[in-house]
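Visitor: First the structure, then my questions, so here it is.
Bear in mind that the values in this text are calculations on the coordinates, not laboratory data. Model, not experiment: these values are computed from the prediction. As a convention, Cβ positions derive from the backbone with ideal geometry for all residues, glycine included, and neighbour counts pool all protein chains shown.
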Amino acid sequence: MSHPTDGNGSAKFAIGCGAGFASDRLDAAVELVERVALDWLVLECLGERTLAFAHRDRRADPNRGFDPLLERRMRALLPRCRARGTRLLSNMGAANPRVAAEATVGIARALGLSGLRIAVLLGDEVTEKLAPDTPLWEGGTIAERGVPVGANAYLGCEQLLPAIATGAEVILTGRVADPSLFLAPMIERFGWALYDWQKLAAGTLVGHLLECGMQVSGGYFADPGKKDVPDLARCGFPFAEVEAEGAAVIGKTPGSGGRVHATTVKEQLFYEVHDPTAYHTPDVVADFSAVAIEEVGPDRVRVSGARGAPRPPSLKVTVGFDGGYLAEAGVSYAGPNAAARARLARSVLEERMRVVHGYRGPLRIDLVGLRSLHATALPEPAEGEDVRLRAALRAPDREPAELLLWEVEALLTCGPAGGGGYRGRITPQVTTASASLPRAAVTTRIEVLEA
């Protein structure tokens, strides 16, 4: 298996995405490694709420707090990556990257991968560096919002490059900005300067297109009859062949399902980008407004033309807070007059919670099957023969949550008629907010472990 080459026979740099969120598929990542000669495989697994939940888990058990799928992914990918000379980089460390690295060492030893080196980037957790009066982007201060369960700065390439420089086959991190996970290996490969804003913007464009996995290869793009995608059940993960000046061709695993074309790339280009002329990352402020997108072959799209400006003076911080408890419960009504019975059940439940029990907190009751996702944006249709009452509330303590489940289940015998299929659950919640820290306040370090 050879690496991709340009028209002059020079080897290009190939980097792929093997996960776009914490619960992404594993078989597609295995296929990507097996079918494409990658220099790097990046698993981007860390959303803001995912990280806050990881802090909660670590508080309950110091041996938890990293991605719960780490073992499955490492068992499948480590032998294949080593056999193909592919280095693996992931933020599966979440709120406990050191323990995640120790777990990876144990997995490598169990697999007989002697001498495998794992570098771990530490220092993104900044909980102790935030004062109670630290302002939040959403307004107010940390003290006004509650007690943090954890806070993490978005690290960038400057902090990640020393880990890459160790030569470790596996690098694990906590909170690193998503495109930086892809940009840092490009910087190391091509020797780009940390203040070459144009090249950093070009690499950030590539990272942003890859970071959400199958979104750029047709997954989240698919809309049957409007935007058809072949063989969606076997959609392939994307990869990029990057040139020394930063332009790249986006493709997907050969033989896989999905599509990569100009429109899938355009949709991902603007995903979560509030201002395409000024996309802020820890590495650069990127301008995507003049990006050129060119289809150069089946499932191959070349991108170029990103521009860059100096990076922001501070780092974004995600702060996680205890969000209390979320209660969800439901009952179904079917057949003739189902909508009327569901509406009666809704009014009964509202009266029981508000009047009988005096609950004054937020309460949402949806009739699923009667435009429930639209809430009040569209009127409910008069009829429906398959309706599910779904009730939910969030409270700081458990008592109102248990009360809601009790009252929803009581609808089965207290009426109206024909209710069935009760389900209820209570789950601990976290909420998140954003703050800023000066770069100088964030100190990182690298540790290297060996199997």
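Visitor: What does the highest-first list of 173-180, 338-345 look like by mean Cβ count within 10 Å? Walk me through the intermediate numbers first.
Guide: Values: 173-180: 27.1, 338-345: 20.5.
Ranking the peptides 173-180, 338-345 by packing returns 173-180, 338-345.
Visitor: Could you please state, rounded to a whole Å, how far the C-alpha centre of segment 182-219 is from the C-alpha centre of segment 264-335?
Guide: Centre-to-centre (Cα) distance: 13 Å.
Visitor: Kindly count the pairs of lysines across the chain whose alpha carbons are less than 30 Å apart, treating pairs on different chains or eight or more residues apart as eligible.
Guide: 13
Visitor: For segment 319-434, just run the numbers: alpha carbon Rg, then divide by 2.2 N^0.38 Å, N being how many residues it has. Write down the numbers at each step before the final one.
Guide: Details: Rg = 14.8 Å, N = 116, 2.2 N^0.38 = 13.4 Å.
After normalising by residue count via 2.2 N^0.38 Å, the value is 1.10.
Visitor: Using 13 Å as the cut-off for backbone N distance, which residues of segment 125-140 belong to the label zone defined by a point 7 Å from the Cα of S314 along Cα→Cβ?
Guide: Residues 130-131, 133-140 fall inside that zone.
Visitor: Continuing with the same structure: Taking neighbour Cβ counts within 10 Å as the exposure measure, how do W406, W192 sort from fewest upward? Before the final figure, lay out the partial values.
Guide: Working: W406 14, W192 20.
Least to most surrounded, the residues fall as W406, W192.
Visitor: Tell me which residues come under 5 Å, amide H to amide H, from L111 once H is placed; ignore anything under 5 positions away on its chain.
Guide: none
Visitor: Let me ask something else. Arrange the peptides 315-321, 72-78, 393-399 so that the one whose residues have, on average, the most other Cβ atoms within 10 Å appears first. Could the numbers behind the result be given before it?
Guide: On the way: 315-321: 22.9, 72-78: 19.6, 393-399: 15.4.
The packing order, highest mean first, is 315-321, 72-78, 393-399.
Visitor: Now, a different point. Give the whole-number value, in cubic angstrom per residue, of the convex hull volume spanned by the C-alpha atoms of the chain. It would help to have the intermediate numbers written out before the result.
Guide: Details: hull volume 76.0 nm³, N = 451.
In the chain, the Cα convex hull volume per residue is 168 Å³.
Visitor: So for each of 52-64, 416-428 I average, over its residues, the number of other beta carbons within 10 Å; can you give me the resulting order with the highest mean first? Don't skip to the end; give the middle numbers.
Guide: Working: 52-64: 17.8, 416-428: 14.2.
Highest mean packing first, the order is 52-64, 416-428.
Visitor: Right, here's the next one. Taking the Cβ of each residue in T264, T413, T50 as the centre, tally the other Cβ atoms inside 10 Å and list the residues starting with the fewest. Let's see the in-between values first.
Guide: Values: T264 28, T413 7, T50 19.
By the 10 Å Cβ count, ascending, the order reads T413, T50, T264.
Visitor: Taking R0 as 22 Å, what's the FRET efficiency between R423 and L26 from their Cβ-Cβ distance, rounded to 0.05? List each step's numbers first, then the result.
Guide: Values: r = 28 Å, r/R0 = 1.28.
E(calc), rounded to 0.05, equals 0.20.
Visitor: A further question on this structure: Rounded to the nearest 0.05, what FRET efficiency is calculated for A131 and R445 with R0 set to 25 Å and r the Cβ-Cβ distance? Mind showing how you got there, number by number?
Guide: Working: r = 23 Å, r/R0 = 0.94.
Once the sixth-power term is evaluated, E becomes 0.60.
Visitor: When the Karplus curve 6.51 cos²θ - 1.76 cosθ + 1.60 is applied with θ = phi - 60°, which whole-Hz ³J(HN,Hα) does each residue of segment 301-311 get, with x for Gly and Pro?
Guide: 10, 8, 10, 6, x, 5, 10, x, 10, x, 5
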